[in-house]
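Here's the structure we're looking at; comments come further down.
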Amino acid sequence: MSLRISFHLLLGVLLWSAPQRCLVAAPTRPNIIVFYTDDHGHADLSCQQVVDDVRTPNVDALAASGVRMVHGYSTAPQCVPSRGGLLVGRFQGRFGLDSNGSSLDGFNAETTIAERLQQAGYVTAQFGKWHLGPTDAITDHGFRHVFAQNAQRPFSANITLDGEDRPMRSLPPTMYHVDGCSRAAASIIDRYKNQPFFLYIAYRAPHVPLDAPQKYLDRFPDPMPHRRRQALAMLSAVDDGVGLVTDTLKRHGLTEKTLIFYIGDNGAPLKIHKVDAPGGGPGWDGSLNDPLNGEKGMLAEGGMHVPFVVAWPGTIPTHPAYPHPVSALDVAATSAALAGLDVPPEKLDGVNLVPFLTGEKQGPPHQQLMWRWTAQSAIRSGDWKLLRGGEREYLYNLADDLEEHHNLASEHADVAARLRRQLAAWGDQLTPPGLQVGPMSETWNDYFDFYLDGKPAPPLPEKFRPRGKDASSATELRGWLLRDGQMSVVDGHLQISPKADEDHPFLVKNGLSIEGPVTAEMEIRSDSDFEGTFAWRKAGDRTFPSGQRSEFSVRQQIGWQTVRVDLPVQGKLIHLRVHLDAAPTSIRRFQLRSANDQAVTLW
């Protein structure tokens, strides 16, 4: 483990062991807000102090006013089960919600924390991604208000951006989905400032499709992979939302009356290769799990050891790092306890964290944390972690090896046996019982081979491979192909020249998915004046119809010039050609933006 990570862990333990300051008496029935991010890697909060390019000042301020949980865990390395576990407060394998493909019957039969709090008099509201059945049925699970926008397309809502009631039906987007959720959540706080409320703000960020607006992309001008910039920009939008919500609380004098959780649903999907593929579709989402090993889809630390912050100013003392493991399951147990609800212990698997965070209770909240996901299972007990994948087994001491590089199963067979027995006994309580619900797939075997066994990376799966004869350089060229010319990247710019004097090169970008009409914007320079053309193909088109073309002009000059062209696309643009001149040309920025403000940065 790196010296920097070791130092911060040691500092957290020392400070947490120090005498606690006197605490203000906790107000009764606090407001509760859960910010829940999507495919958000462990590294990507600046308060984590792992990478230098991410900037999240509002979440950092939240952590500074509360506690950064050094060992915060989701309940699964995948969207659906982790959300089901969070909202019910029981491990999702107890009600058959093992993976994204599981039946929702078990979840539908459970009582969510929203239902419990609603019965206790809380105003409840959901914003953003649901992923647990039809969005127009979210109110069936305890949420009075719904604003389920998670993309730039119509979504289910029974409130407006201003928090006003409307019939539950489809609502067209008028803001970027992250911004819209933040605005609607702030409006609900304005509306119910004198009543206890529970807000579940589940941003679909930085999950693909990557779709950050230009105003957020502009915050990250340094050279970096396209997908990294998109992830940072989407997380910057989330951070702005956290700032809007906390500012709204402050304006109404609710800061010390509100408990806030900020949690990721699982680790980032890297697809091993972290290919900087064009567009914003499937593949690496640009987020990072450093220094953890593994990724989404694994019970390795990189798959479910997530950003996790808890803040309740005036009640929970501030500390830079809480050293003990905690779980997203603790949200429901904490919320129920603070609302004064009498919930049978067998109905909640989490722990009320507040007494541990105030110093009223000493020691770790959990003796063990356990997981089962498809063919994988794991247990963490203190610093020891046993991880199983099919017939494979790994034992790690996370105090010395948070990166899970040294399998100690043979060296400490007694520890492995003890943890295996505990894990098996717990697995027998699940539905269906056992430590796996199917075989290891080829993908998960590849992941275990690469991350845990140190084998060479497997070939990139076909669905993530760039197409065309220039595929070998597609990572550097971000998926652009060139006909009748040559291209390279120099100082971060795409440089294009003809193969012969009479050639007129044209750029090709396939695999797009953006609703028209579309505005194309380039920063370009050329060694000559020329008239260029955009041509496009829509979904269902077999060729490039002659009517689907827009012209643009470039003038020879020393500096860069901005070309902005409206493309009257009727339908979904999937394939673009940019016809250039028989002269050297450079492009340093290229973006497409749809009428509903979906942005795709192509360079």
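The values are calculated or read from the model by the stated rules, or taken from the named source; none is laboratory data. A quick note: this is a predicted structure, and the numbers were derived from the prediction, not measured. Cβ: placed from backbone, ideal geometry, glycine included. Neighbour counts: every protein chain shown.
Data for the structure
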quantity	calculated
Exclusive hit being surrounded by 12 or more Cβ atoms within 10 Å (Cβ to Cβ), out of contact with any Pro (no Cβ under 9 Å at 6 or more places or on another chain) and without any contact (Cβ under 8 Å) to a residue 60 or more places away in the chain, set Val565, Val569	Val565
Among (1) surrounded by fewer than 14 Cβ atoms within 10 Å (Cβ to Cβ); (2) touching a strand residue (DSSP E or B) at 6+ places or on another chain (Cβ under 7 Å); (3) free of Cβ contacts under 8 Å to residues at least 24 places away in the same chain, the one test that Glu164 misses	(2)
The range 309-325 - residue that is out of contact with any Phe, Trp or Tyr (no Cβ under 7 Å at 6 or more places or on another chain) and either of a type in the set (A, V, I, L, M, F, W, C) or in a helix (DSSP H, G or I) (or both) and, of those, modelled with the lowest pLDDT	Ala321
Gln126 vs. criteria assigned by TED's automatic domain parsing to the domain that holds Ala333, assigned to a strand (DSSP E or B) and in contact (Cβ under 8 Å) with a residue 60 or more places away in the chain	yes
Hits in the range 553-596 - residues which are basic (Lys, Arg) and under 30 Å from Pro172 (Cβ atoms)	Arg564, Lys572, Arg589, Arg593
Meets criteria (buried (at least 18 other Cβ atoms within 10 Å of the Cβ) and either closer than 26 Å to Asp222 by Cα or in contact with a Cys (Cβ under 9 Å, 6 or more places away or on another chain) (or both)) for Ser488	no
Hits in the range 545-562 - residues which are hydroxyl-bearing (Ser, Thr, Tyr), loosely packed, with under 13 Cβ neighbours inside 10 Å and farther than 17 Å from His493 by Cα	Ser546, Ser553
Scope the range 184-213; condition surrounded by fewer than 22 Cβ atoms within 10 Å (Cβ to Cβ) and either touching a Lys or Arg at 6+ places or on another chain (Cβ under 7 Å) or among the basic types (Lys, Arg) (or both); matching residues	Arg191, Lys193, Pro196
Total residues in the range 239-296, condition crowded, with 24+ Cβ neighbours inside 10 Å, among the acidic types (Asp, Glu) and modelled with pLDDT under 95	0
Gly121, sole failed condition from (1) on the phi > 0 side of the Ramachandran plot; (2) surrounded by 17 or more Cβ atoms within 10 Å (Cβ to Cβ)	(2)
Failed item in (1) outside any loop (DSSP other than H, G, I, E, B); (2) without any contact (Cβ under 8 Å) to a residue 12 or more places away in the chain; (3) of a type outside the set (A, V, I, L, M), with Asp342 passing the rest	(1)
